[in-house]
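Here's the structure, in structure tokens; my notes come after.
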Amino acid sequence: MSSLSSVQAPNQTRPARKARFRVWFALPSMLLVGFFFVVPFIANAVLSFTRWTGFSNTITFNGLTNFRQMFSLGILVHSTLVTIGFAVTTMAVQNLTGLALAKALQQSNRVNSVFRTVFFLPVLMSPLAAGYIWSAVLDPHGPVNSFLSLFVRGDFTYSWLGNQHSALLAVGFVDGWKWCGLVTLVYIAGLNSIPRQVVEAAIIDGAGAWRRFRSIEVPLLAPAFTFNIVVTLVGSFSALDVIFATTKGGPGDATSVLNVAVYRQYGQGLFGTSSSLSFMIALLVIATAVPLITYLRRREVTA
Amino acid sequence: MSSNSLRRVAVVATAAGALFLAACSGGSSTTNDQSSAAGAATSEAPAAAGVTLTMWHQSADSDAQLNLYKAYEAYSGNTIELLDLPADTYTTAVQTKWATGDRPDILEYSPAPQDMRQLNMAENMVDLSGLGFVSHLINHSGELDGQVLGVALGPISSYGMFYNKTVFANAGVDLPKNYDDLLDICPTVTATGVDLINVGGGSEFPANMIAGFAYMADYNADDAWGQAVAAGTEKVDDPDGPIVAGLTAVDNLVKAGCVNADVATATFQDSIKAVYDGTAALTILPSDFISQFYDLGDGDTAAVDALVGFAPISAEKGIGSYSGSPIGSYFVPTTGDSAKEAAAQDFIEWATTTGYQDYINDTKSTPTLDTATLPSDLGELYQSLAAILQDPATTPAFNQSVPGFGNFGQLALSVLVGQATPQEAATKWQTFVDQAREAQG
């Protein structure tokens, strides 16, 4: 028995050693996620249920009071709806434009490389800078309206960011423009990973460009769709900088997404209610991302 | 649930609890520290030397403030280490650091009671009531509930209209004193092809100016209206009250075409330029922007004075209002370090005595202490400001004591752009006021 156990011991410890070895590689990521996500998430969740203000040096639990207050003030519902509207607009702009650009720039050649770089530049730009630039571009007397004035009688001076009906769409478009280059690259990678034989077989069978796009490329782009739709939609839930640089949440509260509401509550020393709104963003992200990823991943399997 | 699972849950719960307790104890330990420094400071506080003081200050501090710090260093042998915080988000930046328990030795901050409450200054600041400058104060900036917790050296802001003299001369109309006057002269002025009023709503705070700060000057003598709102005896959504009336007056001006069409997106810089260029007759802004008008004149003070004027305007009386600026206003947080607290008070003592007249001359501002005199070389815009601040009729700005004021600008803007009626905006503001009152206990 003793000789048998002495033979088996090294075999048992090898997997354990391997596992420990892998843990060392994972440790930096675990620490980063723990420090920058888990701890703040738990802290934020706990503080959401507290009466924490700048007016007092003590923090006390107050149950659901913060949420009830945000609901009764109309902030919770309004800002959540605005956030969803902004996220959907941004997601649609990024994915429709990104897919179109990816198709146009799919082939790898010098000209396309230049254009890929040009369309990627906004991604590298500061969101605040992008916001300020677009504020000037969309000014009632800015270049967009000057261009449109060529086609209408008189001066076209519509205030894209100043009208409550167009402001949300306009800031959604600006944020979409800002991140579109990243989405384009993912779609280009997805398109180029489609087996050439499949496309060539379709051509031989007489399928036109639109038919090939609809029946071959779109289904096989499913992993790219999953990544892009989830990242653009969920990423937009936490947008603030572009909105601040363009409308500051206005006019009135037309573009007051949840993060603007968080900022306003925080700025008045109401840290507890601010935390509760932040917690709502986290819940919104989880409630959206989990079912969306589940649905899109299933679709990938089907494809 | 297995024992392993239970253990994991307990570990997570303990971690969360420990985190929360740490957060709570961060606040309370500060309170304990503060008790060591309780009691009002006096002029006899021992002057320290060779002490390094940390000051949180606005990055927008002018050379005058920076010169003040250097002059004190030369005088005292102490060192002031400046921590620059961005001017446009200064209040939030201070609150963020403050909430973590971090404290400077000297804090540059708004001396308005409502802003002071947001840092719970009654418990977190050294009471300066015993210092010598208190008996020379001209206004009540820096006071909270009977205690003097800070000093506003100046400049003190007033809220009025910057107007283009040439536009008014061309239109042949008198300078308006109240909002009825604005409506009366509107058709004549706009007939000359200029806007009567330019509001930089894109910057949000100018909406406060026209709908609140200027209009409300008539109603806040001795800060009575603001304190009544804070006490709950006055409601901002009273249909017959001044807030609804002020918002209605603004709404009427918009509907009459007296306000710039791009009110929602124009910035305060646009407003200043519009008045200077003569494309608008006037804009209602804080006096803090006088220097920006002089900047547009490339240093030709006389030319700017010939073109632009500054005057009060209010609901009916044509009077101004004032508030202390965050710039040039100083507080001494309780840190538990008696040597540094004494040195910080020494800075206040010096800045309000030996260094004060030089500071006033340097800032070209109106003194807030009766120990200094008005600089002799002021431009006309500064002279107009001084006249408003020295006028006994001038009242404290309406926002000084109102809880939940931070939402007013957005709501005033919603009226300016036609998103809400005056009553709707006022009703919504009342809910924010109630929220803030509840938060303040």
task = For B:Ser321, enumerate residues with amide H under 5 Å from its amide H, sequence gap 5+ or separate chain, H modeled in the peptide plane.
result = B:Tyr159, B:Thr395
request  = Show that you can apply the helix-only estimate: for the protein assembly as shown, add -39,500 (n - 2.57) for every DSSP H stretch of four or more residues, divide by all residues, and state [θ] at 222 nm to the nearest 500.
outcome  = -17500 deg cm²/dmol
inquiry  = Which residue fluctuates most in the GNM of chain A (Cα springs below 10 Å): A:Ser275, A:Ser56, A:Ser113?
reply    = A:Ser56
query = Average partner chain C-beta neighbours within 10 Å, per residue of B:414-426?
reply = 3
message = Rounding to the nearest 10 and keeping the result within 0 to 90°, find how far the Cα-based axis of helix B:90-99 lies from the longest principal axis of chain B.
response = 20
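May I ask you to sort A:Lys18, A:Lys103, B:Lys364 by Cβ crowding, counting other Cβ atoms within 10 Å and putting the fewest first?
Numbers: A:Lys18 10, A:Lys103 15, B:Lys364 21.
In order of increasing Cβ crowding within 10 Å: A:Lys18, A:Lys103, B:Lys364.
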key: Cα lying deepest toward the dipole's positive end in segment A:64-302, options A:Ala261, A:Pro122, A:Thr232, charges on Cβ   = A:Thr232
ask   = ³J(HN,Hα) across segment B:108-117 via Karplus (A = 6.51, B = -1.76, C = 1.60, θ = phi - 60°), whole Hz, x for Gly/Pro?
value = 8, 7, 5, x, 6, x, 5, 5, 5, 5
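Let me know the mean shielding of A:48-55 by other chains, meaning the per-residue number of their Cβ atoms within 10 Å of its Cβ. Walk me through the numbers before you get to the answer.
On the way: counts 0, 1, 3, 3, 5, 9, 13, 12.
For peptide A:48-55, the averaged partner shielding equals 6.
I need the peptides B:194-205, B:372-383, B:53-64 ranked by packing, meaning the mean over residues of other C-beta atoms within 10 angstrom, with the highest value on top. Don't skip to the end; give the middle numbers.
On the way: B:194-205: 25.2, B:372-383: 15.8, B:53-64: 18.6.
Per-residue mean Cβ counts within 10 Å order the peptides as B:194-205, B:53-64, B:372-383.
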key: Cβ neighbours within 10 Å from other chains - mean over B:257-266   = 5
ask   = If the viscosity is 1.567 mPa s and the temperature 4 °C, what translational diffusion coefficient in µm²/s does Stokes-Einstein give for segment A:36-84 when Rh comes from Kirkwood over Cα pairs?
value = 106
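Over its Cα atoms, what ratio of radius of gyration to 2.2 N^0.38 Å does chain B give?
Working: Rg = 23.8 Å, N = 441, 2.2 N^0.38 = 22.2 Å.
This ratio for chain B stands at 1.07.
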task = For segment B:187-234 and segment A:220-237, compute the distance between their C-alpha centroids and round to whole Å.
result = 47
note = Among beta bridges assigned by DSSP with both residues in the protein assembly as shown, the antiparallel ones amount in percent, to the nearest 5, to 60
ask   = Pick from A:Asp155, A:Asp175, A:Asp205: which is most flexible by mean-square fluctuation in a GNM of chain A where alpha carbon atoms under 10 Å apart are linked?
value = A:Asp205
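What length, rounded to one decimal in nm, is gained on full extension from A:Ser166 through to A:Phe120, with 0.36 nm per residue of separation minus their alpha-carbon distance? Display every interim value, and only then the final one.
Details: separation 46, 0.36 × 46 = 16.56 nm, distance 2.61 nm.
Taking A:Ser166 through A:Phe120 to full extension adds about 13.9 nm, to one decimal.
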inquiry  = If I model a spin label at B:Thr267 and B:Asp377 as a point 7 Å from the Cα along the Cα→Cβ vector, what separation in nanometres do I get?
reply    = 3.1
request  = Quick one: plug the Kirkwood hydrodynamic radius of segment B:209-289 (C-alpha pairs) into Stokes-Einstein at 37 °C, 0.692 mPa s, and report D in µm²/s.
outcome  = 228
remark   = With 0.36 nm assigned to each residue of separation and the Cα-Cα distance removed, B:Lys165 to B:Ala191 gains 7.7 nm
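Once you compute Rg and the Kirkwood Rh from C-alpha atoms, what is the Rg to Rh ratio for segment B:274-428?
Details: Rg = 19.5 Å, Rh = 18.8 Å.
When Rh is taken as the Kirkwood radius, the ratio is 1.04.
Ranked highest first by the average count of other Cβ atoms within 10 Å around their residues, in what order do B:342-355, A:24-37 fall? Present the calculation step by step, with values, prior to reporting the outcome.
Details: B:342-355: 21.9, A:24-37: 9.9.
So the peptides B:342-355, A:24-37, ranked by packing, come out B:342-355, A:24-37.
At 18 angstrom or more along the helix axis (alpha-carbon based) and mean Kyte-Doolittle of -1.0 or higher, what helices does chain A contain? Whole DSSP H runs only.
Details: long enough: A:2-33 (45 Å, -0.01); A:75-104 (42 Å, 1.31); A:110-124 (21 Å, 1.15); A:167-192 (37 Å, 1.33); A:222-237 (23 Å, 1.57); A:271-302 (46 Å, 0.99).
Both cut-offs are met by A:2-33, A:75-104, A:110-124, A:167-192, A:222-237, A:271-302.
On alpha-carbon atoms, Rg over Rh for the protein assembly as shown using Kirkwood Rh?
1.04
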query = In what sequence, highest mean first, do B:318-325, B:220-227, B:301-308 appear when ranked by Cβ atoms within 10 angstrom?
reply = B:318-325, B:220-227, B:301-308
Using alpha-carbon coordinates, inclination of helix B:242-255 to the longest axis of chain B, degrees = 50
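Quick one: if the Förster radius is 22 Å, what FRET efficiency do A:Ala100 and A:Ala189 give, using the C-beta to C-beta distance and rounding to 0.05? List each step's numbers first, then the result.
Numbers: r = 16 Å, r/R0 = 0.72.
With R0 = 22 Å, the Cβ-Cβ based efficiency is 0.90.
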task = Could I have the simple spin-label model distance between B:Ala231 and B:Lys317, label points 7 Å from Cα toward Cβ, reported in nm to one decimal?
result = 1.9
task = For helix B:338-351, report the angle its Cα long axis makes with the longest principal axis of the Cα atoms of chain B; keep it between 0 and 90° and round to the nearest 10°.
result = 20
Rounded to whole Hz, the Karplus (6.51, -1.76, 1.60) HN-Hα couplings of segment B:163-176, x for glycine and proline = 10, 8, 5, 5, 4, 5, 5, 5, 7, x, 10, 6, 5, x
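Where Rh is the Kirkwood radius over the Cα pairs of chain A, the temperature 4 °C and the viscosity 1.567 mPa s, what D in µm²/s does Stokes-Einstein return? Write out the running numbers ahead of the final one.
On the way: Rh = 23.0 Å.
After rounding, the answer is 56 µm²/s.
Values quoted throughout were computed directly from the atomic coordinates according to the rules given, and no laboratory measurement underlies them. Bear in mind that the values here come from a model prediction, so they are computed numbers and not experimental data. Note that each Cβ is placed from the backbone with ideal geometry, even for glycine, and that neighbours are counted across all protein chains shown.
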